[in-house]
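Engineer: Take this structure, written in structure tokens, and hold onto it; I'll ask about it next.
The values are calculated or read from the model by the stated rules, or taken from the named source; none is laboratory data. In this text, all values refer to a predicted model and were calculated from it rather than measured experimentally. Note: ideal-geometry Cβ built from the backbone for every residue, glycine included; neighbour counts use all protein chains shown.
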2 protein chains.
Amino acid sequence: MPQIKLSFEKQILKTKMPFGISYGTKSDAKNILVKLTYENMTGYGEAAPAPYHGETIDTVMALLQAWSESDILGDDPFAISEINQKLDKFISENYAAKCAIDVALHDLSGKLANLSISKMLGLSGLQTQMPQTDFTIGLDTIEIIKQKTSDAIKEGFQILKVKQGTANGIEYDKQIIRSIREVAPNTTLRVDANGGWTPKQAVLMSHFLAEQKVQYIEQPIHKHSSAQDFKYVKDHSPIAIFADESVMRAKDIIRLADCVDGVVMKLTKTGGIQEGLKFIQMARACDLEVMIGCMLESSCGITAAAHLAPLADYLDLDGALLLANDPFNGATCKSGLLELKDAPGLGISPTSLSGLESKL
Amino acid sequence: MPQIKLSFEKQILKTKMPFGISYGTKSDAKNILVKLTYENMTGYGEAAPAPYHGETIDTVMALLQAWSESDILGDDPFAISEINQKLDKFISENYAAKCAIDVALHDLSGKLANLSISKMLGLSGLQTQMPQTDFTIGLDTIEIIKQKTSDAIKEGFQILKVKQGTANGIEYDKQIIRSIREVAPNTTLRVDANGGWTPKQAVLMSHFLAEQKVQYIEQPIHKHSSAQDFKYVKDHSPIAIFADESVMRAKDIIRLADCVDGVVMKLTKTGGIQEGLKFIQMARACDLEVMIGCMLESSCGITAAAHLAPLADYLDLDGALLLANDPFNGATCKSGLLELKDAPGLGISPTSLSGLESKL
């Protein structure tokens, strides 16, 4: 039997505009593109590491290098669960690296079976249930935030996600929201503090945000906050509280099940599609709402998440839209409505920007 | 697009010997075989209703009749999740009827894609991890129980599951175990009381069973027992306590997560493979052990469960082995070791006993 062959390369994704969140501002995302080949077929996956998830481009590349030199991937592209088990035994955490492998295996096995990932997962036909994605307004000067908001509305987005939790304190956070409301008085807004507030600040902000008709708050308090702190914020907030960085995999949901209203699933956090499904199912069993989010990712990673999108209540899958040089064509987005091709695997193809054919 | 066509028929499965559990003794299982056809391809599923799960052959057939006359199944055999959602909206509970549809859809879509269900689910390659199945010794006279035990050991079974919870009281239950230990002093035993004990009886029995080196107890107390009662039994039992009838779907696990050591997944309880996977994943996230069990089912239902078997710690998939007239060839069982064919869909084929080709 032929072995599954792993290769990978750095992928510097430039953003159209600098993108700021509470952890810092960046003008590019240093991701890693993974390519699995088997019987002349190629599966793609993307790793989008973040230091606040415990990974960097170097840790991801070190793992991929080790895996490419081992026989850990074996000879069966349909053995996704077994391979994921082996990766979990090899090393704990490191979900962005694992995500790239899991997604590439789904792409590869789908192509071998001539089935889209949606069909492989029995999720065909659910697209009509897909919620609209929001568009994210990063931290910036008030002037630029207003400009970005007005641009997004012109592009047809009906939901905006606003980054909060600035180093300037909650008065500046409030100023951001008020300025956005000037430009977008009726647009659906949600807020992501990326852990930038204390529990008391979060409660104060929740009342202000409720007045501003904000839908919900993502990760108001620190990633490592206690369940009690989340419960305190949830119990005192008039709007829903979602956990993002605090819940990586299905198992993490248990601890916070009674302390939040919803959870954010990202393939980069769960380690791919199989674990992503588990995460969503766990959330449902705990009566939690589900948002599917993303990192700054190309259409490779975004399209992978889009295959699970009909299972979510809310979507934040705008990662590729923020990029100046998307190396893939995949799920398209028109005024917040994602559309998937019914093509084998992920349904993505390299663009001229990828340089993939020459380099990989 | 062609519609998925549903037909079904009663399937009277005779047992080789009368089979007794705490709910009663029977000499046959009245199941329903479901056949979904699409583009000249056929998918099979089986419904094994039980009154103690809230279903009879008549309720299942009434639902199947209604569904066959509606357009609820639609035109996309890969839309398994969507169809399951529609069935759940149509009627709550009724998981045996839903199971037959879900399994037949998996069989059908696997055949259309030319992939085994294991491969569709990314579970290929896990077979080496499959635990052995036990063989079940039903309630009967002590003489017959001893004979059945000795027959099972001769057939190579290394694990026996002993039915308990007789109307004769726990002294008779103890007598059953002592008699089995005379014939099988070293065989691994597990016990299933099917809810036949009170919490205090269950604790008394747990100490006796621990002395008799019994591995664990399934459903010691009534299906509708409180979480506190389960917790009381778990806390006072030296051996593990599993919930079966008390946990149908993933959601039910939450309530008992801290009150039992393990849970039993049956496709008949979850409503099929997709919900079965959710159940197992939920149990894992709650740090519970998982047994996969079955009803009196033909090799159609048993083979469906066998595709998920590598995900379990313990197996009780002997349903078809207890039958005199199995209408299907499917997963084989040799001395407790199940083996699946790598064939499209379930990998089952009708036997001459099925009369399927003429009747359906």
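Engineer: Out of A:V233, A:V260, A:V214, A:V264, which single residue is touching a Pro at 6+ places or on another chain (Cβ under 6 Å) and farther than 19 Å from B:A283 by Cα?
Structural biologist: One residue alone meets the criteria, A:V233.
Engineer: Quick one: B:L87 ticks every box in (1) closer than 23 Å to A:L311 by Cα; (2) in the same structural domain as B:A184 (by TED's automatic domain parsing) bar one, so which box is it?
Structural biologist: B:L87 satisfies all of (1) closer than 23 Å to A:L311 by Cα; (2) in the same structural domain as B:A184 (by TED's automatic domain parsing) except (2).
Engineer: Which residues, counting only those in region A:98-122, are without any contact (Cβ under 8 Å) to a residue 60 or more places away in the chain and away from chain B (no Cβ under 14 Å)?
Structural biologist: Within region A:98-122, none qualify.
Engineer: Okay, moving on. Looking at B:K89 and the list (1) within 14 Å of chain A (Cβ to nearest Cβ); (2) within 20 Å of B:I280 (Cα to Cα); (3) surrounded by fewer than 24 Cβ atoms within 10 Å (Cβ to Cβ), which single condition is not satisfied?
Structural biologist: B:K89 satisfies every listed condition except (2).
Condition check ((1) of a type in the set (D, E, K, R); (2) at pLDDT 90 or above; (3) under 20 Å from the mean Cα position of the chain (by Cα); (4) part of a helix (DSSP H, G or I)) across all residues:
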| site | (1), (2), (3), (4) |
| --- | --- |
| A:L317 | no, yes, yes, no |
| A:D326 | yes, yes, yes, no |
| A:C333 | no, yes, yes, no |
| A:L338 | no, yes, yes, no |
| A:A343 | no, yes, no, no |
| A:G347 | no, yes, yes, no |
| A:S358 | no, no, no, yes |
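Engineer: Kindly indicate the residue of region B:69-86 that is aliphatic (A, V, I, L, M) and in contact (Cβ under 8 Å) with a residue 24 or more places away in the chain and also farthest from the other protein chains (Cβ to nearest Cβ) among those meeting that condition.
Structural biologist: So the residue we want is B:L73.
Engineer: Any residue in region B:104-117 that is crowded, with 18+ Cβ neighbours inside 10 Å, more than 30 Å from B:E39 (Cβ to Cβ) and among the acidic types (D, E)?
Structural biologist: Within region B:104-117, not a single residue is crowded, with 18+ Cβ neighbours inside 10 Å, more than 30 Å from B:E39 (Cβ to Cβ) and among the acidic types (D, E).
Engineer: Output yes when any residue across region A:284-301 is touching a residue at least 12 places away in the same chain (Cβ under 8 Å), within 14 Å of chain B (Cβ to nearest Cβ) and crowded, with 24+ Cβ neighbours inside 10 Å, and no when none is.
Structural biologist: So far as region A:284-301 goes, no, none of its residues is touching a residue at least 12 places away in the same chain (Cβ under 8 Å), within 14 Å of chain B (Cβ to nearest Cβ) and crowded, with 24+ Cβ neighbours inside 10 Å.
Engineer: Now for a separate question. Among the residues of region A:305-321, which ones are closer than 14 Å to A:G345 by Cα and within 14 Å of chain B (Cβ to nearest Cβ)?
Structural biologist: Across region A:305-321, the qualifying residues are A:H307, A:L308.
Engineer: OK, next. Quick test for you: out of B:S124, B:S150, pick the one residue that is in contact with a Phe, Trp or Tyr (Cβ under 7 Å, 6 or more places away or on another chain) and over 20 Å from B:F208 (Cβ atoms).
Structural biologist: After ruling out the rest, the residue left standing is B:S124.
Engineer: Continuing with the same structure: Please indicate, with yes or no, whether at least one residue in region B:232-243 is without any contact (Cβ under 8 Å) to a residue 40 or more places away in the chain and within 12 Å of chain A (Cβ to nearest Cβ).
Structural biologist: Checked against the condition, which is being without any contact (Cβ under 8 Å) to a residue 40 or more places away in the chain and within 12 Å of chain A (Cβ to nearest Cβ), region B:232-243 yields no hits at all.
Engineer: If you don't mind, another one. Any chance you could count how many residues in region A:256-272 are over 21 Å from A:S206 (Cβ atoms) and either modelled with pLDDT under 95 or within 14 Å of chain B (Cβ to nearest Cβ) (or both)?
Structural biologist: 4
Engineer: Out of the residues in region B:1-53 that are in a loop (DSSP other than H, G, I, E, B) and within 18 Å of B:A79 (Cβ to Cβ), which is modelled with the lowest pLDDT?
Structural biologist: B:M1
Engineer: Out of the residues in region A:123-175 meeting the condition of being within 14 Å of chain B (Cβ to nearest Cβ) and not hydroxyl-bearing (S, T, Y), tell me which one is surrounded by the most Cβ atoms within 10 Å (Cβ to Cβ).
Structural biologist: A:L123
Engineer: Are there any pairs with C-beta distances below 7 angstrom linking a residue in region A:326-349 that is assigned by TED's automatic domain parsing to the domain that holds A:L160 to a residue that is in a loop (DSSP other than H, G, I, E, B) and among the basic types (K, R), with the two at least 6 apart or on different chains, and if so which?
Structural biologist: Pairs that qualify, where the first residue is assigned by TED's automatic domain parsing to the domain that holds A:L160 and the partner is in a loop (DSSP other than H, G, I, E, B) and among the basic types (K, R), are A:G347/A:K341.
Engineer: Spot the failing condition for A:L321; the list is (1) at pLDDT 95 or above; (2) assigned to a helix (DSSP H, G or I), and only one is missed.
Structural biologist: (1)
Engineer: Now, a different point. So, in region A:215-252, how many residues would count as being among the β-branched types (V, I, T) and surrounded by fewer than 24 Cβ atoms within 10 Å (Cβ to Cβ)?
Structural biologist: Here the count works out to 1.
Engineer: Right, A:V60: of a type outside the set (G, A, S) and either within 23 Å of B:Q127 (Cα to Cα) or within 12 Å of chain B (Cβ to nearest Cβ) (or both) or not?
Structural biologist: no
Engineer: Yes or no: A:G271 free of Cβ contacts under 8 Å to residues at least 40 places away in the same chain and under 14 Å from the mean Cα position of the chain (by Cα)?
Structural biologist: For A:G271, the condition - free of Cβ contacts under 8 Å to residues at least 40 places away in the same chain and under 14 Å from the mean Cα position of the chain (by Cα) - is not met.
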